[in-house]
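Let me begin by presenting the structure, written as structure tokens, before commenting on it.
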Amino acid sequence: MGQTAQKDAATESKYSFYEAFQPLFYPQSGNVYRSASGAPGPQYWQNKADYDIDVTLNETTNTLTGKAVITYTNNSPENLDFLFLHLDQNLFKKGSRGEAIVPVSGSRYDSKGETFVGGHNIGNVEMLQAKGNKTAGALKFEITDTRMQVFLPTPLKANGGKIRFSVAFSYQSPSFGADRTGIQETKNGKIFTIAQWYPRMCVFDDVLGWNTLPYTGPGEFYLTYGDFNVNITAPASHIVVCSGELTNEKEVFTATQQQRWNQAKTSEKTVMIRGAEEVTKPESRPSGSTLTWKFKMQNSRDVAWASSASFILDAARINLPGGKTSMAVSAYPVESDGGNAWERSTEYTKASIEHYSNKWYPYPYPAAVNVAGNEGGMEYPGIVFCHYKSRASGLWGVTDHEFGHTWFPMIVGSNERQYGWMDEGFNTFINFISTNAFNNGEYKEGKPNMHQMGRALTNQTLEPIMTAPAGMREGSIGLLLYYKPAVGLHLLRDQILGEERFDRAFKTYIERWAFKHPTPWDFFRTMENVAGENLSWFWRGWFLNNWQLDQAVTAVKYVKDDPAQGALITLQNLEKMPMPVDLEVTFASGKKERMMVPVEIWERNKTWTVKIASKEKITTVVIDPDKAFPDINPANNTLKL
């Protein structure tokens, strides 16, 4: 065999096949709570928190005053001597840990230097009798930064023990609350976007026990599922929207608005409930000084709401699998209306939710509310806040992304404080598919150049994806929580498993862990078990480490120096990440031959020779001609003879 073409002396490889493919990837075997197959185990459990909340908004002082009655059910196998709750508004309290770590240059996660008295004011914390709201005694509690520990007089029994207790609270809302809650001034009144507003139960689980990471800004939420009844008292001039179902529309809408509201429930097209020309007309609201709006939400992690005298309100029906329906609702000021802007919000909301419901898992809530506020984009169950200046593709993108969070992490309840990529990355992945499907590709995105993407996403200054959000530099968050995990899922779907196998496994993961609390290992195990593929090399390189990919074609030889007897093509893996090799060979006649060489060639090799059954001379060999793999050095992907 004679040499026909060869690159310069081969570069020394950094690749270790043992490190990439070593066994014992999973930190532990399956157990009765979490199966080795990635499914919840036969004794999987999670606790439950039900809330009855009454709150009043004072639009002059920007304060909320309320009381939450919490029914907490301990389904765990151990007795609990105390409970933990989140007090997220304490992020904005002077001297908080979150305030202390804001850099001098500022951060998305602060209150932009606003002067106000921030933080939760906690009043009485009282144990209640099993029925009714009669007190059974005060409960001792201790507040540490954004967490409150409540001490129980007797242990809360395992396997179904219940406690009812109430917490009185109040706080002054920041105008810019870490880009997640706030107040937007408009010419027709303030828009209050209210979130992280009531004391919320921390999760007690089989992984960490009490999950009590403080809220310092980066990293969002890990919350207990339950049912909500929420009564919101606001000025009568306001329209209030909230997670869940509005149950007293006859008390809070005018007769005309009630008729339009009911029409919207069955309409494919957007129905105007209160139009721009009606916003400043007193007759567009019922008389009186205040009104109480009542909402209910079942099997949810959270509720959020918004209130304003400035709201234009419109809605339409959402069609769900099995003949079920929901409502798409949009609330926005006149500043957001017109010019291919928020007048399309309900159209966008409806399309986004119908797509995800048919593609992955049915939307579970009675309404999907899109609110124009001063947040760049923020998600809560059944309601999202998007920036009031968003337009056209920008408004579609933020609407689709925030409602995509319904599936991750509202339905699949992952721990965002620990593993932010399991909500942001998964959501960014499904957003790409949804955007390409919307309105016959109105905002269709082209395929990215993965060579360029690979250099950015595996830059060696970046932390691994599995880093907790609070441990990432703020400048890394966009890449590591959103884009790199999404790119990884696209690699699995498009290049490694194929669309059919990937979608089957991904849907199984959603179905298994709907309204439950998965870990990354549950996701990894499910994908492997359902797809029937060992992917430990991929998880290890792309998620647990920040490995790079650099594949090279280094030589072409003809068998016995005769092109008619075939060719031998030598490949080299130069960096730490293994991947399949997409190989394209061009012959002298112009004919091309394409083959996918499996990743297993790198299980015990740094170089590999591929035999091609050629009949003529080869002119060019190219690795990854479609630029579909994140190869950081495409210069060595081509060998011309």
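Some points to look at:
- In a fully extended conformation the segment linking residue 185 and residue 603 would gain 144.5 nm over its present Cα-Cα distance, using 0.36 nm per residue.
- Remark: segment 388-402, residue by residue, has Karplus-estimated 3J(HN,Hα) of 5, 8, 5, 9, 6, 5, x, 6, 4, x, 6, 5, 5, 5, 5 Hz, where x stands for each Gly or Pro and the curve is 6.51 cos²θ - 1.76 cosθ + 1.60 at θ = phi - 60°.
- Tilt relative to the chain, helix 520-531 - C-alpha long axis, 0 to 90 degrees, to 10: 50 degrees
- Net lengthening on full extension, residue 29/residue 175 (0.36 nm per residue, minus Cα-Cα): 47.8 nm
- Shape category assigned to segment 237-294 from the gyration tensor of Cα positions, a/c cut at 1.5: oblate
- Taking a Cβ cut-off of under 12 Å around residue 463, the surrounding Lys, Arg, Asp and Glu residues balance to a net charge of +1, with basic ones at +1 and acidic ones at -1.
- Shown is the FRET efficiency for residue 144 and residue 292, computed with R0 = 45 Å from the Cβ-Cβ distance and rounded to the nearest 0.05: 0.85.
- With a cut-off of 20 Å on the backbone N, the residues of segment 308-325 near the modelled label site 7 Å out from residue 503 along Cα-Cβ are 319-323.
- Overall, the anisotropy analysis places segment 386-505 in the rounded class: the square-rooted eigenvalues a ≥ b ≥ c of its C-alpha gyration tensor yield a/c less than 1.5.
- Backbone phi angles across segment 270-275, fed through the Karplus curve with coefficients 6.51, -1.76 and 1.60 (θ = phi - 60°), yield HN-Hα couplings of 5, 10, 7, 8, 9, x Hz in residue order; Gly and Pro are listed as x.
- Local charge for residue 204 was computed over the other residues whose Cβ lies under 15 Å away, with Lys and Arg +1 and Asp and Glu -1, and equals +4.
- Seen from residue 268, the other residues with C-beta closer than 14 Å to its C-beta sum to a net charge of +1, counting Lys and Arg as +1 and Asp and Glu as -1.
- Shape category assigned to segment 1-139 from the gyration tensor of Cα positions, a/c cut at 1.5: oblate
- Cα long-axis angle, helix 499-513 against the chain (0 to 90 degrees, to the nearest 10): 30 degrees
- Contact order for segment 240-322, expressed relative to its length and based on alpha carbon pairs under 8 Å spaced 6+ residues apart, stands at 51 percent.
- Segment residue 258-residue 114, extension gain: residue separation times 0.36 nm, minus the distance between their alpha carbons: 47.9 nm
- CD proxy at 222 nm, helix term only [per DSSP H run n ≥ 4: -39500 (n - 2.57); per residue of the chain; nearest 500]: -5000 deg cm²/dmol
- Structure-derived Cα extents along the principal axes in Å - corresponding label in [x] 95, 58, 52; [y] 112, 64, 61; [z] 89, 65, 43: [x]
- With a Förster radius of 45 Å applied to the C-beta separation of residue 436 and residue 130, the computed FRET efficiency comes to 0.25.
- In terms of the mean number of neighbouring beta-carbon atoms within 10 Å, the peptides 613-625, 481-493, 563-575, 375-387 order highest first as 375-387, 481-493, 563-575, 613-625.
- Ranked by the mean number of other Cβ atoms within 10 Å of their residues, highest first, the peptides 277-284, 335-342 fall in the order 335-342, 277-284.
- For segment 524-631, the list of chymotrypsin sites (Phe, Trp or Tyr not before Pro) that fall in a loop by DSSP and count at most 10 other C-beta atoms within 10 angstrom is empty.
- Against the main long axis of the alpha-carbon atoms of the chain, helix 345-359 sits at an angle near 60°.
- Using θ = phi - 60° and Karplus 6.51 cos²θ - 1.76 cosθ + 1.60, couplings along segment 409-416 (whole Hz; Gly, Pro as x): x, 6, 7, 8, x, 6, 8, 5
- In this structure, residue 638 and residue 37 have a Cβ-Cβ separation that, at R0 = 60 Å, corresponds to a calculated FRET efficiency of about 0.90.
- Extending 7 Å from Cα along the Cβ direction at residue 276 and again at residue 340 yields two label points whose distance is 1.6 nm.
Values quoted throughout were computed directly from the atomic coordinates according to the rules given, and no laboratory measurement underlies them. All values derive from a computational prediction rather than experimental measurement. Glycine gets a Cβ as well: all are built from the backbone with ideal geometry, and neighbour counts include every protein chain shown.
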